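K.L.:
Before we start, here is the structure in question, set down as structure tokens.
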Amino acid sequence: MHAAEMVGLPLLPSYADVVAKGESILFGVNYASAGAGILRDTGYLFGRVIPFEEQINNLRKTLGQLRGQLHGNEVSRYLANALVFVDIGANDYLNNYLLADYYLSSHIYNLEQFADLLITLYRKHILEIQGLGLRKFLILEASPIGCGPITIHNMKCNATLNHIVAMFNTRLKSVVHDLRSNYPGSAFSYAPSFQIFTSLFDNAEAYGD
């Protein structure tokens, strides 16, 4: 929610709210799920979460509804002009890799390998969405988990945790560059939200309360 506001996007109703409300889906749908991530098991400790893969399946259901409301080339035009806003990845660290007592990921992968795993799946899922006919993407960096309420100390971010996420973001930026090069018919924009957030945190007084 806050990430969307940072880049000036309106807040959209959730998929669960609009799934059966007909024309309301024409104005946009939020498929996000609090605590969820790229990996299917991320966040399961906190209850029912909807991983990235399942969010895309919900998108497919929405497209089925759209085809019942729009006709012919209208669907293609609508999808080509829609904006896909993607902000995911941080929870795979907070609610998975860093919880070694509950998840196996940190026992199986080192940090480099884990970042590679996430990015491989991330790219695969973005291309799945693109394959459905959507053409405009705004891709945000994973947020600085070291600046969260439970990870800061003496009003300082946890540099170690932020470095871990930065490894993911470095790969994500390369993926976006690759997508731009290989899919010229689509637009992939990269938002350095990690840098924006840390700058705001480190210079809070300059920005006011």
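The values are calculated or read from the model by the stated rules, or taken from the named source; none is laboratory data. In this text the structure is predicted, and so the values were computed from the model without any measurement. We place every Cβ from the backbone using ideal geometry, glycine too, and count neighbours over all the protein chains shown. In case anyone asks, the SASA skips ligands and DNA or RNA and just uses the protein heavy atoms, side chains included. Shrake-Rupley method; radii C 1.70, N 1.55, O 1.52, S 1.80 Å.
K.L.:
Within the range 24-57, how many residues are at positive phi and open to solvent by 70 Å² or more (accessible area, probe 1.4 Å)?
P.N.:
Total satisfying the criteria: 0.
K.L.:
Another question, then. Among the residues that make up the range 182-189, is at least one of them buried (at least 17 other Cβ atoms within 10 Å of the Cβ), at pLDDT 95 or above and aromatic (Phe, Trp, Tyr)?
P.N.:
Restricting attention to the range 182-189, the residues satisfying the condition of being buried (at least 17 other Cβ atoms within 10 Å of the Cβ) are 186, 188.
Add one more test, that the residue is at pLDDT 95 or above, and what stays is 186, 188.
Keeping just the survivors that are aromatic (Phe, Trp, Tyr) gives 188.
Checking the range 182-189: at least one residue is buried (at least 17 other Cβ atoms within 10 Å of the Cβ), at pLDDT 95 or above and aromatic (Phe, Trp, Tyr).
K.L.:
Anything in the range 148-168 that is open to solvent by 10 Å² or more (accessible area, probe 1.4 Å) and outside any loop (DSSP other than H, G, I, E, B)? List them, or say none.
P.N.:
Within the range 148-168, His153, Lys156, Ala159, Thr160, Leu161, Asn162, His163, Ile164, Ala166, Met167 qualify.
K.L.:
Identify the residue in the range 134-147 that is assigned to a loop (DSSP other than H, G, I, E, B) and hydrophobic (A, V, I, L, M, F, W, C) and, among all such residues, is farthest from Arg171 (Cα to Cα).
P.N.:
Out of the qualifying residues, it is Leu134.
K.L.:
Does at least one position in the range 126-146 carry a residue that is open to solvent by 10 Å² or more (accessible area, probe 1.4 Å), of a type outside the set (A, V, I, L, M, F, W, C), without any contact (Cβ under 8 Å) to a residue 12 or more places away in the chain and touching a Leu at 6+ places or on another chain (Cβ under 8 Å)?
P.N.:
Checked the range 126-146: no residue is open to solvent by 10 Å² or more (accessible area, probe 1.4 Å), of a type outside the set (A, V, I, L, M, F, W, C), without any contact (Cβ under 8 Å) to a residue 12 or more places away in the chain and touching a Leu at 6+ places or on another chain (Cβ under 8 Å).
K.L.:
Of all the residues that make up the range 80-108, how many are surrounded by 18 or more Cβ atoms within 10 Å (Cβ to Cβ) and touching a helix residue (DSSP H, G or I) at 6+ places or on another chain (Cβ under 8 Å)?
P.N.:
Adding up the residues that qualify gives 15.
K.L.:
Continuing with this model, one more query. So Thr198 clears everything in (1) of a type in the set (S, T, N, Q); (2) at pLDDT 95 or above; (3) open to solvent by less than 50 Å² (accessible area, probe 1.4 Å) except one condition, right? Which one?
P.N.:
Unmet for Thr198, out of (1) of a type in the set (S, T, N, Q); (2) at pLDDT 95 or above; (3) open to solvent by less than 50 Å² (accessible area, probe 1.4 Å): (2).
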